[in-house]
Every structure is written in structure tokens, then in C-alpha cells.
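Input: a single structure, listed below in C-alpha cells.
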Amino acid sequence: MKPIALPAMNPGPMTGEGNRTWLIPGAPAVLVDAGVGEPQHLAALRRALDDGGGTLETLVLTHAHPDHIAGAPAVHAGWPRARIVKYPWPEMDARHAVPLHPLADGDRIAAGGDELVVVHTPGHSPDHVCLWHAASRTLFGGDLLIAGGTVVIPASRGGRLADYLRSLECVLALDPAVVLPAHGADIERPAELIRGNLAHRQRREAQVIEALSSGPGTPATVAALIYERLPDPLQRLAEESVLAHLVKLEEEGRAASDGNRYRLT
Ligand SMILES: [Zn+2]
């Protein structure tokens, strides 16, 4: 399997240099994520397929965030015979006028003369999946991991930290040799990054508890104690990350909330 990175040409504050979609050429060809429908991205996909890449049979969407799914109608228009598959997230999926076929954990997708296994990895979003190629121990990681950093858990929009931590443990157990994420560079030592991410979340949780120890707080007031003030929309993401920790603490009975205000129990 020789996956080809096809940049979605959508750089921005939320996407960094922009998304990378992944073409697995061969019989059949599979595209991982749709990008946003940028003509240059679609032209590069067309060239890669024409240039011996094979026939596109399946478009797999790692999750329903716009930078991964918004281009699905454009891909559908260009390759109407390709099946579009994703793990269901009904209220988000309904926003896109394309036929979506449901995936489940453990499903197998024929790709480039081999197969990918669907690994449901909720947390960043409820519908998030990674795709596992066992022979090469390659994981298509979507937004589960990012080289040199941590991903956002958008707690007010379907993100759930407890699920995310379980998903990291699940991928750690697979012991991938490389993770090919949707943003940033290839991850060559995934176990190291995952262990680092788990430790980071634990430190962050300790900081949130510390911030609440002097009295109740909202995601914004706790974020102000933990983070340097960031420019929007990054400040909003910092508050979302704090909220993700507060929700987890509440689920575990370690904090209680009264609307937007949280206190330690
Ligand atoms: Zn995402």
C-alpha cells in the first residue's frame, strides 16, 4: 500500500497548513477524507487516479467536521460511482446532500488490493474513525493525533474527553508503526506521542482541579488561569478544552455544575 497525500488546499487558523486527504491507489482506490471541494484538490485527485491510481471505489470520511466532509458533494459529483462511507452522526450527517453509507467498528474496506479496518475512535467527535492497515501497521489517524501537539476536544459540540482518552489507549494497543494524520506531518513514533498526550491531559486535569480549588469557575475563568490569553478563535478552543475536562470531572463525580459554573465536590 502506497498512500498519496493530497492537500485539501484549505489553510487557516483551525486547519493549520490545511487538511491532508489520503489516496490509496490501486484496485480499488480509496480516498480518506473529502477536504472542502477546492478545485485544485479535486484536480490533483483526478490526476493521481488517471496516472495509474485506479478507479475510486470508496470515499471514507473520518468524521463530520467541515474540513473533512464539506468536499463530499464535489467528490460525489466527480466520481458518482464511489460509495461514501462514515460512522453515523445523524444530526451532522443530515447537513450534507450526499448518500452516506454507515460504517461500524471493525468493518473492512477493500483498498489498493488489500484492506483497511475501521477503528471507532470517538472523543474528538462522536463519529470519529481511524483506518488500520495491519500489514504495514499504518493508521490513518484523522484528527485523533497531531505531530508535536494535542488535538481539540470541542466539548460543547460533541467532543468527549473520557471517550478520547479511551480511543488513545485503543490505538496505543494497536502499536502502529506510523500514523498518517489529517493535519500536520506523519507521526513516526506514535506510541511516544500518545503517551505524551495522555500525560499532558493528566497535567491539564490537575491544573483544572487546582484552579477550582480556590472556588467555583466557568470554562472561561478557568482557561484564563491556565492559559495565556490567545487570539480568537484559539481562545474559544482553549475554553472548549477546559470544558472537556470539567465535563469529565463532573461525570466522575469529582465536580458539580450549576449551569456554566463548576465547583469541586
Ligand atoms: Zn475534526
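The values are calculated or read from the model by the stated rules, or taken from the named source; none is laboratory data. Every value quoted in this text rests on a predicted model; they were computed, and no experiment measured them. Here the Cβ is made from the backbone with ideal geometry for all residues, glycine too, and neighbour counts use every protein chain on show. To get the accessible areas, we keep the full protein, side chains included, count just its heavy atoms, and leave off ligands, DNA and RNA. Shrake-Rupley method; radii C 1.70, N 1.55, O 1.52, S 1.80 Å.
Over region 181-265, Cα pairs under 8 Å with separation of 6+ residues give a relative contact order of 29 percent.
When the chain is treated as a GNM with alpha-carbon contacts under 10 Å, the residue of 177, 29, 223 showing the greatest mean-square fluctuation is 177. Relative contact order, whole percent, for the chain stands at 13, derived from Cα pairs under 8 Å and 6 or more residues apart.
Could you identify which residue out of 123, 217, 52 has the top mean-square fluctuation in a GNM of the chain using Cα springs shorter than 10 Å? Taking springs between Cα atoms under 10 Å, the residue moving most is 52. Across region 128-265, the convex hull enclosing all Cα atoms gives 104 Å³ per residue.
A simple spin-label model places the labels of residue 101 and residue 43 3.1 nm from each other, with each point 7 Å out along Cα-to-Cβ. Sparsely packed loop sites in region 142-241 (the trypsin sites (Lys or Arg not before Pro) outside DSSP H, G, I, E and B with at most 12 other Cβ atoms within 10 Å) comprise 229. Is any residue of region 117-136 close enough, with backbone N under 17 Å, to a label point placed 7 angstrom from the Cα of residue 108 along the Cα-Cβ axis, and if so, which? Flagged as within label range: 117-120, 131-136. Within region 119-205, the GluC sites (Glu not before Pro) that combine a DSSP coil assignment with at most 13 other C-beta atoms in a 10 angstrom radius are 188.
Ordered by solvent-accessible area of protein heavy atoms (1.4 Å probe), largest first, the residues 221, 15 come out as 221, 15. Between residue 177 and residue 17, the modelled label-to-label distance comes to 2.3 nm, taking each label 7 Å out from Cα in the direction of the beta carbon. Qualifying trypsin sites (Lys or Arg not before Pro) in region 52-150, where qualification requires a DSSP coil assignment and no more than 14 other C-beta atoms within 10 Å, comprise 81, 95, 137. Divided by 2.2 N^0.38 Å, where N counts the residues, the Cα radius of gyration of the chain comes to 1.04.
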